[in-house]
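S.K.: Take this structure first; my questions come after.
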Amino acid sequence: MKSPWIMAAALAIGCALPALAQDKVKLVDVIELSGAGASAGTNFKNGADLAAADINAKGGILGKPVEVIHYDTQTNPGATRAAVQRAIDEDAYAILGPVFSGPISASMQISQRAEVAQIVAGEAAGFTQQGNPYIFRTSLSQSAAMPKIAKYLKDTVKAGSVAVVWVNNDFGKGGRDAILPELEKAGIKVAADIATEQGQADFAADAIKVKNANADAIFVYLNEDESARFLRAAKQQGVAKPMIGETTLLGAKVIELAGDAANGVKGHVGLSVDAPLPGLQDFGKRFQQKYGYVSDHNGIKGYMAVHMVKWATEKQKKLDRKGLADTLRGATITVAEEPGILIDTTILKNGDLDRESFLAEVVDGKQVINTVLPKLNP
Amino acid sequence: MSAPATASAARPASRSRLRDGALLALVLGAAILWFAPAGMGRYGTYVLSLWLVMSIAVMGLNLTLGYAGQTSLAQAAFMGLGAYATAILTTTYGVNWYAAFALSGLLTFCIGILLGFPALRVRTHYLAFVTLAFSTLIWLLLRNEQWLTGGVFGIANIRRPGFFGLRLDGALAFHRFLVAVTFILALALWWLVRSPWGRAFMALRENPVRAASLGVDTRAYTLLAFAIGSAYGGFAGALYAPLVEFIDPSPFSLSQSLFLLLMVVAGGSGYLLGPFIGALLGVVLPEWLRFAGSLYLIIFASIVLILLIICPQGVSGLAERGWQALRRGRPAGGAP
């Protein structure tokens, strides 16, 4: 019965062999490729791969090719921690991902201890409020997006009451906790506060609750797949009030899955390949060409993350891990300076971002951007 | 799931030798694992540590299912209870980790007794459904009671314990601490299954009516099997929280209970070393297969599937069959 132990030792030694590559810029993408986050994670992965291909076609970063290695987190905090630990052991220059805030929270102390920048795709507010100087976002946080939505509900939709439908995971609960105080500040009454499950298939009961609440508007804050299912259920139940949401309600994937039911949906979009910016539109076209589908915001985030590394490395003119994080902190990256950033972006000291965002509407199965909202601190 | 029964009834001497062999393997394994991570890097060390923690949870389930024959789909829930109890006690109330570890074990032991009561009335898959409901209930509690558990945002910055003034924050130091704790818990289980208690558990698994007729208090032993198995789940959780330094409800969901069940079956249900092999398959194998890129989970699932087709009694069952075949191959009286 000794053999399993020997096998264990052999397996473990196999796991631990480090692969050093000094002639490359090695980025490890720790990302959800299976489990609940697989859809978002795959988009982010594809975006990062496209960015690496683009950069390498133009001679790499400081003349060195970029290599992006992907490790699946299984959307599990314990496995994410193992993957980030492996990235550090393998001397990753920077860590990209993950998307979900649970796995981010479980792994960000490791990159902080190793003083390696971790550029994540999460939107939940919490993890940039813990004083970790090595964590960076690629999207606006919920605490930045929700005031814009509350203002939109009050000024444009002119809603006196709102039904809030949210998914009970870190993303949805975070959004719900961020919007409720903003609605109160704007004097908007919450007519219904409806929690739904991650991966939920049938939204008929929730759609009926929403209908019975008889609010002036409905704020929908679900992940993409669930957003599409909710929109279909709401249409079947004859819900006619305006549906307002965030990027996850107006994304390409939702429009594809929800079909007609997505028409008329409005809201605030942080990143979109339909935004009136040539960089974003060009990225969208090339992404679709390469992967055969329209990128959602996570694809854009993956592309940006690699270009954030490129910009900062070229700025500091050397491959210095700690310097990378120091350069990114507080920086403003413009499209003129680094076209791959796709949209002018200011990185705040805590890793949050400030940049323009958009108000959009789905018309005839296409996302149409109506208004460009300025930076919070232009 | 009670495959080793005939073997144990027919060859008590061989089984007892196997158990002594298991003790030797435990001691040797602990010694190897103590030194194994030297030069291995923090990632390899972390994966080994995670393996040990999962082994403890699987050991508990192996006692409930493999030795006492009570199907439970709640082991991850007990792990969650232990992890949250330890995390809350150490971060919010500043309780010493050792006290929190003991309290987590006590809490899960008591709740295990309570969950054991339905097992007195229902068996096999009916019992599985009762434990399934319990598992879902605990997961909902962990997720929805945000004031206590942090809800979907979880609990971050869980501190690792010290040991008589030594800090165990480093990967290697904490790994060695885990080796020691796992060894002690495995030793306790080794003693338990050799004791009259262990024989009573197995009698319960094989034929409860006959066990009762021989004077075994089936009621007490059913409850104890649940309680001790659950306490091991709680201990595993109490170690998982400081290992990952962050917990949220996702690793304690029903699917994780099913995964732990798979580890028991794949490792060899009712064998002392089965949990270590099962957890090795469940935790270390997927990490090792990462070289296969996006195919790694498909390869992992195929390996487990083929393994269970070839040896339904798990890897330990296969090893035992091999050992017996080897002995039969020797000339009569040649066996030591």
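The values are calculated or read from the model by the stated rules, or taken from the named source; none is laboratory data. Quick caveat: nothing in here was measured; it's all calculated off a predicted structure. Ideal geometry is used to build each Cβ from the backbone, glycine not excepted, and the neighbour counts take in all protein chains shown.
S.K.: Determine whether the stretch B:262-279 contains at least one residue that is away from every other protein chain (no Cβ under 14 Å), polar (S, T, N, Q), touching a residue at least 24 places away in the same chain (Cβ under 8 Å) and within 23 Å of B:Leu192 (Cβ to Cβ). Working first, answer last.
M.R.: If we filter the stretch B:262-279 for residues that are away from every other protein chain (no Cβ under 14 Å), which is where we start, we get B:262, B:264-265, B:269-270.
Checking the rest, the ones that are also polar (S, T, N, Q) come to B:269.
Checking the rest, the ones that are also touching a residue at least 24 places away in the same chain (Cβ under 8 Å) come to B:269.
Add one more test, that the residue is within 23 Å of B:Leu192 (Cβ to Cβ), and what stays is B:269.
Yes; the residues of the stretch B:262-279 include at least one that is away from every other protein chain (no Cβ under 14 Å), polar (S, T, N, Q), touching a residue at least 24 places away in the same chain (Cβ under 8 Å) and within 23 Å of B:Leu192 (Cβ to Cβ).
S.K.: Of the residues B:Leu172, B:Leu192, which is surrounded by fewer than 21 Cβ atoms within 10 Å (Cβ to Cβ), closer than 16 Å to B:Gly66 by Cβ and either touching a residue at least 12 places away in the same chain (Cβ under 8 Å) or in contact with a Leu (Cβ under 8 Å, 6 or more places away or on another chain) (or both)? Before the answer, list the steps.
M.R.: Numbers: B:Leu172 fails: closer than 16 Å to B:Gly66 by Cβ.
None of the others qualify; the one that does is B:Leu192.
S.K.: Let me ask something additional. Of the residues that sit in the stretch A:255-265 and are closer than 16 Å to A:Ile369 by Cα and outside any loop (DSSP other than H, G, I, E, B), which one is modelled with the lowest pLDDT? Don't jump to the end; show me each part of the working.
M.R.: Narrowing the stretch A:255-265 to residues closer than 16 Å to A:Ile369 by Cα: A:255, A:262-265.
The next check asks that each one be outside any loop (DSSP other than H, G, I, E, B); those that pass are A:255, A:262.
Values: A:Ile255: 91, A:Ala262: 94.
Selected residue: A:Ile255.
S.K.: A:Phe358 versus (1) at pLDDT below 95; (2) surrounded by fewer than 20 Cβ atoms within 10 Å (Cβ to Cβ): which is the lone unmet condition?
M.R.: The one condition A:Phe358 does not meet is (2).
S.K.: Sticking with this structure for a sec: Given the condition within 14 Å of chain A (Cβ to nearest Cβ) and hydrophobic (A, V, I, L, M, F, W, C), answer yes or no: does some residue in the stretch B:214-232 qualify?
M.R.: Restricting attention to the stretch B:214-232, the residues satisfying the condition of being within 14 Å of chain A (Cβ to nearest Cβ) are none.
So far as the stretch B:214-232 goes, no, none of its residues is within 14 Å of chain A (Cβ to nearest Cβ) and hydrophobic (A, V, I, L, M, F, W, C).
S.K.: Out of everything in the stretch A:97-114 that is facing chain B (nearest Cβ under 10 Å) and among the small types (Gly, Ala, Ser), what residue ends up being nearest to A:Arg329 (Cα to Cα)?
M.R.: Per the criteria, the residue is A:Ala114.
S.K.: If you don't mind, another one. Criterion first (of a type outside the set (Phe, Trp, Tyr) and either farther than 30 Å from A:Gln85 by Cβ or more than 21 Å from the chain's Cα centre (by Cα) (or both)) does B:Ala171 satisfy it? Let's see the steps before the verdict.
M.R.: Numbers: of a type outside the set (Phe, Trp, Tyr): yes; either farther than 30 Å from A:Gln85 by Cβ or more than 21 Å from the chain's Cα centre (by Cα) (or both): yes.
Taking the combined requirement at face value, the residue satisfies it.
S.K.: Kindly indicate whether B:Gly165 is over 30 Å from B:Thr218 (Cα atoms), within 11 Å of another protein chain (Cβ to nearest Cβ) and surrounded by fewer than 16 Cβ atoms within 10 Å (Cβ to Cβ). I'd like the intermediate steps shown before the answer.
M.R.: Values: over 30 Å from B:Thr218 (Cα atoms): yes; within 11 Å of another protein chain (Cβ to nearest Cβ): no; surrounded by fewer than 16 Cβ atoms within 10 Å (Cβ to Cβ): yes.
No; evaluated as a whole, the condition is false for this residue.
S.K.: Looking at (1) within 13 Å of chain A (Cβ to nearest Cβ); (2) at pLDDT 90 or above, which is the only condition B:Val304 fails?
M.R.: Result: B:Val304 passes all but (1).
S.K.: Same structure again: Out of A:Ala16, A:Ala40, which single residue is within 14 Å of another protein chain (Cβ to nearest Cβ), buried (at least 19 other Cβ atoms within 10 Å of the Cβ) and modelled with pLDDT under 95? If you could, list the steps in order and put the result at the bottom.
M.R.: Details: A:Ala40 fails: within 14 Å of another protein chain (Cβ to nearest Cβ).
Of A:Ala16, A:Ala40, the one residue that is within 14 Å of another protein chain (Cβ to nearest Cβ), buried (at least 19 other Cβ atoms within 10 Å of the Cβ) and modelled with pLDDT under 95 is A:Ala16.
S.K.: Something else now. Are there any pairs, at least 6 apart or on different chains, whose C-beta atoms fall under 7 Å, with the first in the stretch A:296-312 and over 9 Å from A:Gly340 (Cα atoms) and the second among the hydroxyl-bearing types (Ser, Thr, Tyr) and in a loop (DSSP other than H, G, I, E, B), and if so, which?
M.R.: A:His297/A:Ser139; A:His297/A:Ser272; A:Lys301/A:Thr138; A:Lys301/A:Ser139; A:Ala305/A:Thr138
S.K.: Next question. Collect the residues in the stretch A:295-346 that are within 21 Å of the chain's Cα centre (by Cα), over 16 Å from A:Val273 (Cβ atoms) and outside any helix (DSSP H, G or I), keeping them in residue-number order.
M.R.: A:Arg329, A:Gly330, A:Ala331, A:Thr332, A:Ile333, A:Thr334, A:Glu338, A:Asp344, A:Thr345, A:Thr346
S.K.: Yes or no: the stretch A:83-91 includes at least one residue that is modelled with pLDDT of 90 or more, in the same structural domain as A:Asn298 (by TED's automatic domain parsing) and out of contact with any strand residue (DSSP E or B) (no Cβ under 9 Å at 6 or more places or on another chain).
M.R.: Yes; the residues of the stretch A:83-91 include at least one that is modelled with pLDDT of 90 or more, in the same structural domain as A:Asn298 (by TED's automatic domain parsing) and out of contact with any strand residue (DSSP E or B) (no Cβ under 9 Å at 6 or more places or on another chain).
Residues checked against (1) in a helix (DSSP H, G or I); (2) away from chain A (no Cβ under 14 Å); (3) at pLDDT 90 or above:
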residue	(1), (2), (3)
B:Ile88	yes, yes, yes
B:Ala102	yes, yes, yes
B:Thr108	yes, yes, yes
B:Pro118	yes, yes, no
B:Arg121	no, yes, no
B:Thr131	yes, yes, yes
B:Trp139	yes, no, yes
B:Phe177	yes, yes, yes
B:Ala180	yes, yes, yes
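S.K.: Check B:Leu24 against each of (1) modelled with pLDDT under 90; (2) closer than 25 Å to B:Trp323 by Cα and name the one condition it does not meet.
M.R.: In the conditions (1) modelled with pLDDT under 90; (2) closer than 25 Å to B:Trp323 by Cα, B:Leu24 misses (1) alone.
Residues are listed down the side, and each one gets a yes or a no for (1) β-branched (Val, Ile, Thr); (2) over 19 Å from the mean Cα position of the chain (by Cα); (3) surrounded by 23 or more Cβ atoms within 10 Å (Cβ to Cβ); (4) more than 9 Å from every other protein chain (Cβ to nearest Cβ):
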site	(1), (2), (3), (4)
A:Ala87	no, yes, yes, no
A:Ile95	yes, no, yes, yes
A:Val116	yes, yes, no, yes
A:Val120	yes, no, yes, yes
A:Thr138	yes, no, yes, yes
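S.K.: Of all residues in the stretch B:26-71, which are away from chain A (no Cβ under 13 Å) and either out of contact with any Gly (no Cβ under 7 Å at 6 or more places or on another chain) or free of Cβ contacts under 8 Å to residues at least 60 places away in the same chain (or both)?
M.R.: B:Ile56, B:Met59, B:Leu65, B:Ala68, B:Gly69, B:Gln70, B:Thr71
S.K.: Residue pairs, Cβ under 7 Å, 6 or more apart or interchain, first in the stretch A:223-246 and under 13 Å from A:Gly264 (Cα atoms), second part of a loop (DSSP other than H, G, I, E, B) and among the acidic types (Asp, Glu). List them.
M.R.: Final answer for the pair search is A:Lys241/A:Asp216.
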